[in-house]
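Participant: Once you've had a glance at the structure underneath, I'll fire off some questions.
Nothing in this text is a laboratory measurement; each read-out follows from the coordinates by a stated rule. Fair warning: this is a prediction, and the values are worked out from it, not measured in the lab. Every residue, glycine as well, gets a Cβ built from its backbone with ideal geometry; the counts of neighbours run over all protein chains shown.
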Amino acid sequence: MPELPEVETVVRSLEQHLAGLEITAVDLHMPKVIRHPRPEIFTEEIVGKQFLKKLGRRGKYILLNLTDGLTLVVHLRMTGRLVYCVAETPLEKHTHVVFHLNNGQHLRFTDIRQFGRMSLLPTNQVSEMSGIKDLGPEPLDTSFTREFLKKEFRRRRTRVKPLLLDQSFIAGLGNIYADEALFRAKVHPERLAAELSPREVAALHKSIVEVIAGGIKHRGTTFRDYVDGEGRSGSFQHHLKVYNREGLPCSNCGKSIERIKVGGRSSYYCPYCQKK
DNA sequence: CCCGGCGCCTGAGGGC
DNA sequence: TGCCCTCAGGCGCCGG
């Protein structure tokens, strides 16, 4: 389930391969993944364009910048993969889009669950795209300050876990990194955001930044589906303290990690270290 | 504003 | 070398 660190890793790994390459043809095996424009127009417009040196990311959205002022926006959702590979690589099952490149290689989009989507639009319209327009600050941006978190938490009437998953509040956190950040800050996922102490908010701010930076440093978390732009797994799963660790001992106190539903999502936490 | 629930999908894993 | 059911969770959408 690609979250900010996974998406950032994909972008960085693709950047070094795609710069300057031209898209010569597109095989569209699953037209519904193209959200905009209509599939036929999509192919027509993207063929002949080259990837720029600098690709981008906003929240969990991959921004593949192209010549002629266009950007290919890709969201991997749950099981999507965007991988650069030699053309001879056997077509993996669930390969929905193949971009042929002028060096004979491929950029392939595969997605078991078919939730992932892509759009082609003018670069200057990306920030206004639905899904991107309302994103909150990037956790690693200078705009994501302790004061921002304090101010926003104070006026929200919701529990802290769903708030961390709300992309219009902070961009890029998903279930894994939200649970890890809460554990490291010793905050119970069901606590009301407005009721956190200044000390807790400060700790949570710090732990969000640390856990996201740690995820990027270890090239993402791979449980099953996630790989980077070269098909390589990440290793942050070895550094997780609570996520997917139900019944295992807490690294801090030794008590058993528990799983509850908060806002309809699994939340892993330590009932001793993260008191309600 | 805020919440819960559904739909989209496939495959893994548990119970029997 | 089964079968059925639940669940995994990102996001858009809908209704209360």
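Participant: Whose amide H sits under 5 Å from the amide H of A:Leu66, counting only residues 5 or more places off or on another chain, with H placed in the peptide plane?
Facilitator: A:Leu52, A:Thr71, A:Leu72
Participant: Given charges of +1 on the Cβ of Lys and Arg and -1 on the Cβ of Asp and Glu, with all other atoms neutral, how large is the dipole of chain A about its Cα centre, in debye to the nearest 20?
Facilitator: Dipole of chain A, to the nearest 20 debye: 1460 debye.
Participant: Search the structure for amide H atoms under 5 Å from the amide H of A:Thr221, placed 1.01 Å from N in the peptide plane, and list their residues when 5 or more places away or on another chain.
Facilitator: Amide H neighbours of A:Thr221: A:Glu6, A:Phe236.
Participant: Are there any trypsin sites (Lys or Arg not before Pro) in segment A:134-174 that are in a DSSP loop and have at most 10 other Cβ atoms within 10 Å? List them by number.
Facilitator: Sites meeting the loop and neighbour criteria: A:Arg157.
Participant: Shifting gears a bit: Suppose the chain between A:Thr158 and A:Lys133 were pulled fully straight at 0.36 nm per residue; how much longer would it get relative to their current alpha carbon spacing?
Facilitator: 6.8 nm
Participant: Under 1.5 on a/c is rounded, so check that first for segment A:1-56, then, if it is not, pick prolate when a/b is larger than b/c and oblate when it is not; a ≥ b ≥ c are the square roots of the alpha carbon gyration tensor eigenvalues.
Facilitator: In terms of gyration-tensor shape, oblate.
Participant: Go through A:Leu165, A:Phe42, A:Val26 and say which Cα lies farthest out towards the positive end of the charge dipole of chain A; charges sit on Cβ, +1 for Lys and Arg, -1 for Asp and Glu.
Facilitator: Of the options given, the answer is A:Leu165.
Participant: Between 0 and 90 degrees, rounded to the nearest ten: what's the tilt of helix A:175-184 against the longest Cα principal axis of chain A?
Facilitator: 30
Participant: List, in order, the whole-Hz ³J(HN,Hα) value for each residue of segment A:220-237 obtained from phi through the Karplus relation with A = 6.51, B = -1.76, C = 1.60 and θ = phi - 60°; use x for Gly and Pro.
Facilitator: For segment A:220-237, the Karplus-derived couplings read x, 10, 10, 9, 9, 9, 5, 9, 7, x, 10, x, 8, 6, x, 9, 5, 4 Hz, x marking Gly and Pro.
Participant: Taking every pair of alpha-carbon atoms in chain A, what share in percent sits in each 10 Å bin, from 0 to the bin with the longest distance?
Facilitator: 7, 28, 32, 20, 11, 2
Participant: For segment A:146-269, what is the charge dipole size about the Cα centre, in debye to the nearest 20, if Lys and Arg each add +1 at the Cβ and Asp and Glu each add -1 at the Cβ?
Facilitator: That gives segment A:146-269 a dipole magnitude of about 420 debye.
Participant: With a Förster radius of 35 Å, plug the Cβ-Cβ distance of A:Met30 and A:Lys217 into 1/(1 + (r/R0)^6) and report the FRET value to the nearest 0.05.
Facilitator: 0.55
Participant: So, one more: Report, to the nearest 10°, how far helix A:146-155 tilts away from the longest principal axis of the Cα atoms in chain A, using its own Cα long axis and a range of 0 to 90°.
Facilitator: 70
Participant: Compute the separation of the alpha-carbon centres of segment A:259-276 and segment A:71-131 and state it in Å as a whole number.
Facilitator: So the two Cα centres are separated by 34 Å.
Participant: Angle between the Cα long axis of helix A:4-18 and the longest principal axis of chain A, 0 to 90 degrees, nearest 10?
Facilitator: 20
Participant: What does the C-alpha gyration tensor say about the overall shape of segment A:4-127? Classify as rounded when a/c is under 1.5, otherwise prolate if a/b is larger than b/c, or oblate.
Facilitator: rounded
Participant: Nearest 20 debye, what's the magnitude of the dipole of segment A:4-127 about its Cα centre given +1 on Lys and Arg Cβ and -1 on Asp and Glu Cβ?
Facilitator: Taking the Cα centre of segment A:4-127 as origin, the dipole is about 520 debye.
Participant: At a 10 angstrom cut-off on C-beta neighbours, averaged per residue, how do the peptides A:166-172, A:120-126 rank from highest to lowest?
Facilitator: A:166-172, A:120-126
Participant: Separate question: Residue by residue through segment A:74-82, which ³J(HN,Hα) values in whole Hz follow from phi under the Karplus form 6.51 cos²θ - 1.76 cosθ + 1.60 (θ = phi - 60°), with glycine and proline marked x?
Facilitator: Per residue, the Karplus-derived 3J(HN,Hα) values read 10, 10, 7, 6, 8, 10, x, 9, 10 Hz.
Participant: Only loop residues by DSSP count here, and only those with at most 14 other Cβ atoms within 10 Å; note down the trypsin sites (Lys or Arg not before Pro) in segment A:5-70 that meet that. The partial results should precede the final answer.
Facilitator: Working: sites: A:Arg12, A:Lys32, A:Arg35, A:Lys49, A:Lys53, A:Lys54, A:Arg57, A:Arg58, A:Lys60; in loops: A:Lys49, A:Lys53, A:Lys54, A:Lys60.
Listed in order of number, the matching sites are A:Lys53, A:Lys54.
Participant: Right, next: Say the cut-off is 29 Å between C-alpha atoms; which of A:Lys150/A:Lys241; A:Lys93/A:Lys133; A:Lys53/A:Lys206; A:Lys93/A:Lys241; A:Lys133/A:Lys275 go over it?
Facilitator: A:Lys93/A:Lys133; A:Lys53/A:Lys206; A:Lys93/A:Lys241; A:Lys133/A:Lys275, as the Cα separations exceed 29 Å there.
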